[in-house]
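A short worksheet on the structure shown next.
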Amino acid sequence: MKLKHILSADQFLDLGLQQELFALAAEMEKSNHGGKVPTSLAGKVIACMFFEPSTRTRLSFETSVLKLGGSVIGTENAAISSSAVKGETLEDTIRIISGYADGIVMRHPEEGAAKRAAAVSPVPIVNAGDGKGEHPTQALLDMFTVKKELGRLDNLNIAMIGDLLYGRTVHSLLPLLSLYQKNKFYFVSPDKLRMPEKFKDILKEKNVEFEELENFEGILDKIDVVYMTRVQKERFASHEEYERLKDCYVINSAVLEKLKKDSIILHPLPRVNEIAPEVDADVRAAYFRQARNGLFMRMALLHYLLGK
Ligand code: NCD
């Protein structure tokens with residue numbers, strides 16, 4: 001059955017659906033180079049409502065809509081320039097916008113906001129990040145990137161490093177990567193920012209191996225996928241706590257020397273200090289290619305969800 005909304009990575013646990021989306025994203029990339037992108041969103045209006053800052057997610061979604069022949073409305077700063085400022089509920093805002101647009105891509109600081117929006121929306125809602133909850137379209141573009149870069153999604157040692165508590169990208173990526181055989185996870189974080197229990201429970205139920213560590217020095221020679229994350233400043237109650245933890249892990253050229261030769265380094269971006277600029281020239285630095293893949297995966301998702 002076709003999806004109505006995109007709210008959680010849990011909707012993409014079907015490997016057949018994943019394969020279909022990877023193939024579609026690859027097709028979008030090819031047709032984009034060839035200048036023959038399908039105009040499957042022609043006549044459609046997509047609203048992009050971002051109640052939190054964004055560069056890649058919003059602009060890649062907007063570019064995707066335009067490339068597929070649709071039009072975009074919205075505001076890049078809905079927290080300031082929508083009626084939310086006047087006290088309008090999210091539900092009311094969505095009821096109104098869904099009367100104008102054929103689909104709504106939204107980012108919101110509250111976990112569960114996309115589900116609340118979907119409950120009142122007659123048009124598809126795409127979760128572009130809900131607080132510390134999820135970021136399912138990022139997870140799909142991350143999966144697409146791993147497959148493209150390494151040629152496989154199984155038999156991988158994966159290190160998720162940094163803010164695993166508030167980082168919504170790893171919360172969506174973990175359930176998807178854990179579906180594939182013989183993947184082993186290393187969760188590297190300060191004690192205060194550990195991966196929440198509910199995600200570790202998914203692994204325990206499926207007997208997927210994982211380890212929790214406070215530093216990565218001992219594992220660098222066996223990691224295939226390094227997934228760096230930013231310490232999520234905006235989710236900290238205490239500024240001091242953020243300052244204490246913000247630079248806990250840094251990938252630099254000294255780390256690169258010890259890192260497995262045929263590995264890749266991913267980061268949803270933006271980075272702050274966790275990847276030194278000197279790393280960018282290394283062939284293993286895949287994060288800018290990953291961001292570019294975001295365009296193709298989001299084109300694929302919009303085409304799948306709303307295309308004629
Ligand atoms: C991430 C997000 O918003 O969760 N950014 C993104 O969408 N690429 C990661 C982050 O902000 O740290």
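The values are calculated or read from the model by the stated rules, or taken from the named source; none is laboratory data. The structure presented is a predicted model; accordingly, all values stated were derived computationally and were not measured. Don't worry about glycine lacking a Cβ; one is built from the backbone with ideal geometry, like all the others, and counts go over all protein chains shown. We work out accessible area using only protein heavy atoms, side chains counted, and drop any ligands, DNA or RNA first. Shrake-Rupley method; radii C 1.70, N 1.55, O 1.52, S 1.80 Å.
Overview of values
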item: Contour minus Cα-Cα distance for N155 and A23 (0.36 nm per residue); result: 45.4 nm
item: Cα-based reach from K246 at 20 Å (exclusive), listing lysines while leaving out same-chain residues under 8 positions away; result: K132, K192, K233
item: Between helix 287-306 and the chain: long-axis angle, C-alpha atoms, 0 to 90°, nearest 10; result: 40
item: Linear extension gain, V283 paired with T75, 0.36 nm per residue minus alpha-carbon span; result: 71.2 nm
item: Where labels lie 7 Å past Cα in the beta-carbon direction, separation of S31 and R292 in nm; result: 2.0
item: Exposure of L203 as accessible area (Å², to 10), given a probe of 1.4 Å and all protein chains; result: 0
item: Cleavage-rule hits, trypsin sites (Lys or Arg not before Pro), the stretch 1-65, DSSP coil, Cβ neighbours within 10 Å at most 12; result: K2, K36
item: Dipole moment magnitude, nearest 20 debye, the stretch 141-213 about Cα centre, only Lys, Arg, Asp, Glu C-beta charged; result: 180
item: Positive-end residue of F236, L176, V208, charge dipole of the stretch 140-249 with Cβ unit charges; result: L176
item: Net lengthening on full extension, E240/K2 (0.36 nm per residue, minus Cα-Cα); result: 81.0 nm
item: Angle between the chain longest axis and helix 168-177 axis [Cα atoms, degrees, rounded to 10]; result: 80
item: Cut-off 20 Å (backbone N to label point 7 Å along Cα→Cβ of V250), residues of the stretch 263-290; result: 265-282, 285-287
item: Where the chain is the region considered: accessible area per residue in Å², 1.4 Å probe; result: 43
item: Estimated 222 nm signal from helices in the chain, with DSSP H stretches of n ≥ 4 weighted -39500 (n - 2.57), rounded to 500; result: -11500 deg cm²/dmol
item: Tilt relative to the chain, helix 136-150 - C-alpha long axis, 0 to 90 degrees, to 10; result: 50
item: Of all accessible heavy-atom area on the chain, the percent that carbon and sulfur account for (1.4 Å); result: 52
